[in-house]
Amino acid sequence: MTLLEVKDLSVSVADNAILKGLNLVVNPGEVHAIMGPNGSGKSTLANVLAGKPDYQVTSGSIWLNDSNIEDLEPHERAHAGIFLAFQYPVEVPGVSNMEFLKASLDCLAKARDEPQPNAGAFLKRVRKIAQTLDLNPEFLKRGVNEGFSGGEKKRNEILQLLLLEPQLAVLDETDSGLDIDALQVVAQGVNSYRNENNGVVLITHYQRLLEYIVPDYVHVLADGKIVQSGDKGLAQELEKKGYAWLT
Amino acid sequence: MADLALQGHLEIPAWLAQQHEVKLLDFNQALNSKSHKERWKYTKAQPVLDLLKLEARAPHVTINGRAVTPATTGHGSIQSPLIANLADSPEAYLALCNQHLHSLDIACSDADSALIKIELEHTHSTQPLMIKIAENTTVELIERTSTENDLHQTLWIALGAGSRLVHSRNDFANGNRWRYLKVDIGQDAHYNLQNHSTGTSLHRQDIHLRCTGPGAHAQISSAGYIPKAKHLDQQVVVEHIAPNTSSQQIFHNIAQDKAKVTFNGRIHIHPHAPGTVAHLTNKNLGVGDSATINTKPELEIYTDDVICSHGATVGQLDEQQLFYCISRGLSPLAARQLLSQAFLQQCTLGVLAEEATNNFKKLNG
């Protein structure tokens with residue numbers, strides 16, 4: 001069964017066509033890197049997959065596990081197994097990280113008709129994940145992303161990814177704003193998430209992240225379409241030549 | 001607006017008359033003054049004057065767990081600058097005229113140097129209470145309202161030099177309300193009000209703090225949830241009278257559909273009060289359609305060398321925050337509830353915070 005299939009997808013934002021017939025197939029166990037110049041539609045793709053309002057699908061379709069998800073609300077897509085790691089994670093003052101994580105887990109469990117996680121086991125698990133991401137446990141008591149540095153926010157996104165264990169992770173420029181050490185920690189987190197049942201759509205500007213998270217496929221998105229696909233060698237070529245030769 | 005007038009004969013207690021020569025005419029002038037009309041622009045004053053006719057009982061007070069009976073002033077023993085200006089609140093004066101005034105003198109003895117805990121519960125309208133806290137005394141005041149009947153209540157507090165008072169008050173019961181609070185904060189004394197409440201058909205809170213001694217500090221954190229078609233009107237004045245005083249006020253209110261919320265907060269810095277640091281923030285969230293929110297933060301500054309800020313916002317839940325929560329699996333309703341709760345949580349503090357949070361959750365549920 002295909003994990004994700006995007007068929008001839010066209011998307012507009014405020015009547016501006018951003019995606020213009022995009023096709024993408026992700027099978028379980030695969031990591032697909034999406035690269036491309038600024039304004040090519042990378043973040044639009046990420047937001048459309050997560051169901052963000054204000055993005056209008058004008059044609060084409062999106063399938064998750066062979067089910068059409070276009071009519072699903074964002075929370076229903078999360079229940080179905082999609083997770084978006086935000087390029088700019090928002091701050092939510094007044095809601096502690098721990099409370100937010102528990103609320104998310106409980107909602108996912110309820111939607112999937114699974115038992116809600118035991119509070120003790122939950123705490124233990126969250127602290128363990130935080131430790132692997134080099135996040136001080138004190139962060140868990142603070143408001144979601146409140147006062148976090150850029151790197152801490154990105155690690156917090158990966159913490160959520162590892163805790164919620166979605167089937168499809170869409171990582172929108174997770175490497176932006178990270179120093180080398182933080183980049184390695186985040187990459188280790190993503191690699192520990194990978195298995196034969198899930199998939200990753202990894203949006204990035206730079207080949208650097210792909211040294212740590214080795215993709216199965218690299219796609220170049222330009223002017224709303226995938227104009228070139230290849231293996232990790234394509235990313236290295238892009239690093240040398242830039243995007244101009246493809247657009 | 002029609003003129004307000006007190007009907008019938010006004011009996012001014014001797015002890016009050018000794019301090020202030022006030023007559024019925026003075027009341028009526030104060031009730032119809034420009035400043036009074038401004039303070040009652042969004043809430044009708046007459047229903048509160050009517051509310052004041054309700055019979056009130058003596059305050060129900062415990063100190064460190066023991067029930068105490070506050071002294072009924074023999075009137076004449078009160079020489080407090082707290083009761084200084086009729087124009088500040090003619091309603092409060094009226095309460096003093098109509099009811100017995102009770103007083104509590106709180107002092108820290110050698111044997112009792114720890115925190116003094118006062119609990120004040122309103123099970124009905126409460127006669128005016130004046131609490132005088134001696135210098136260098138640390139007090140926690142917990143105030144609850146547990147009646148659904150209509151209620152009026154006035155509280156006057158004088159903080160001696162170097163004293164500390166953390167005042168937590170919750171009011172989540174139904175019923176019309178008029179609550180008046182006036183606090184004089186002496187030299188180097190700290191007053192911290194943690195105020196949590198809900199709206200009712202008529203809920204008016206008048207809060208008047210005065211930093212009267214150098215180094216005095218006033219702090220207010222206030223959270224309010226005003227359910228559908230209910231009302232909350234908060235009128236707050238913080239006066240900086242002495243030099244080098246400070247204040248910090250944060251008010252967060254949520255108004256549901258057709259609710260009406262009014263906030264009027266004024267920082268008044270007197271001449272000869274340099275070195276004042278004063279900040280005021282009022283944030284309001286409208287959830288649902290047709291909520292009415294009036295907010296007016298004001299600064300009145302009559303001296304140089306001060307640091308002041310005031311600001312107010314009226315808005316709805318942040319769309320980015322909503323999407324973030326929903327993308328993690330929370331339903332739109334659960335996300336709205338979580339964010340609303342978080343908005344109030346930022347001003348829900350102190351020993352009554354848990355009780356307040358539970359009440360907010362019930363209203364928000």
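Data for the structure
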{"quantity": "Search result, residues across the range A:97-108 that are facing chain B (nearest Cβ under 9 Å) and out of contact with any Asp or Glu (no Cβ under 9 Å at 6 or more places or on another chain)", "calculated": "A:Glu99, A:Phe100, A:Leu101, A:Ala103, A:Ser104, A:Leu105, A:Asp106, A:Cys107"}
{"quantity": "Residues located in the range B:326-338, provided they are more than 7 Å from every other protein chain (Cβ to nearest Cβ) and crowded, with 24+ Cβ neighbours inside 10 Å", "calculated": "B:Ala335"}
{"quantity": "Cross-chain or 6+ apart pairs with Cβ under 8 Å, the range B:185-201 first and within 8 Å of B:Ala216 (Cβ to Cβ), then buried (at least 23 other Cβ atoms within 10 Å of the Cβ) and of a type in the set (Lys, Arg)", "calculated": "B:Ile185/B:Arg210"}
{"quantity": "Segments classed as strands (runs of 3 or more DSSP E), wholly inside the range A:70-176, with at least 3 members that are closer than 19 Å to A:Pro53 by Cα", "calculated": "A:82-85, A:168-172"}
{"quantity": "Residue list for the range A:167-192, restricted to those being touching a helix residue (DSSP H, G or I) at 6+ places or on another chain (Cβ under 6 Å) and away from chain B (no Cβ under 14 Å)", "calculated": "A:Thr174, A:Asp175, A:Gly177, A:Leu178, A:Ala182, A:Val186, A:Gly189"}
{"quantity": "Single unsatisfied condition, A:Leu164 versus (1) away from chain B (no Cβ under 11 Å); (2) within 29 Å of A:Leu3 (Cβ to Cβ)", "calculated": "(1)"}
{"quantity": "Within the range B:146-222, strands (runs of 3 or more DSSP E) holding 3 or more residues that are polar (S, T, N, Q), under 30 Å from B:Glu55 (Cα atoms) and within 15 Å of the chain's Cα centre (by Cα)", "calculated": "B:190-198"}
{"quantity": "Residue ranges of strands (runs of 3 or more DSSP E) in the range A:1-44 with at least 2 members over 25 Å from A:Arg208 (Cα atoms)", "calculated": "A:4-13, A:16-26"}
{"quantity": "Residues of the range A:187-209 satisfying the condition of being modelled with pLDDT of 95 or more and in a helix (DSSP H, G or I)", "calculated": "A:Ala187, A:Gln188, A:Gly189, A:Val190, A:Asn191, A:Ser192, A:Tyr193"}
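Listed here are the residues, each with its yes/no results for (1) within 12 Å of another protein chain (Cβ to nearest Cβ); (2) farther than 23 Å from B:Arg39 by Cα; (3) in contact with a helix residue (DSSP H, G or I) (Cβ under 9 Å, 6 or more places away or on another chain); (4) surrounded by fewer than 21 Cβ atoms within 10 Å (Cβ to Cβ).
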residue	(1), (2), (3), (4)
B:Asn253	no, no, yes, no
B:Lys283	yes, no, yes, yes
B:Thr292	no, no, no, yes
B:Pro297	no, no, no, yes
B:Glu300	no, no, no, yes
B:Val314	no, no, no, yes
B:Asp318	yes, yes, yes, yes
B:Phe323	yes, yes, yes, no
B:Gln346	yes, yes, no, yes
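Okay, residues lined up against (1) away from chain B (no Cβ under 12 Å); (2) surrounded by 15 or more Cβ atoms within 10 Å (Cβ to Cβ):
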| site | (1), (2) |
| --- | --- |
| A:Arg112 | no, no |
| A:Leu123 | yes, yes |
| A:Arg127 | yes, no |
| A:Leu135 | yes, yes |
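For every residue, the table says whether it meets (1) of a type in the set (Lys, Arg); (2) surrounded by fewer than 21 Cβ atoms within 10 Å (Cβ to Cβ); (3) more than 23 Å from B:Thr145 (Cα to Cα).
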{"position": "B:Asn192", "(1), (2), (3)": "no, yes, no"}
{"position": "B:Ser201", "(1), (2), (3)": "no, yes, no"}
{"position": "B:Asp206", "(1), (2), (3)": "no, no, no"}
{"position": "B:Pro214", "(1), (2), (3)": "no, yes, yes"}
{"position": "B:Gln219", "(1), (2), (3)": "no, yes, no"}
{"position": "B:Ser222", "(1), (2), (3)": "no, no, no"}
{"position": "B:Leu232", "(1), (2), (3)": "no, no, no"}
{"position": "B:Ser246", "(1), (2), (3)": "no, yes, yes"}
{"position": "B:Asp257", "(1), (2), (3)": "no, yes, yes"}
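The values are calculated or read from the model by the stated rules, or taken from the named source; none is laboratory data. Just so it is clear, the structure is predicted and the values come from calculations on it, not from any experiment. Glycine also receives a Cβ, built like all others from the backbone with ideal geometry; neighbour counts cover every protein chain displayed.
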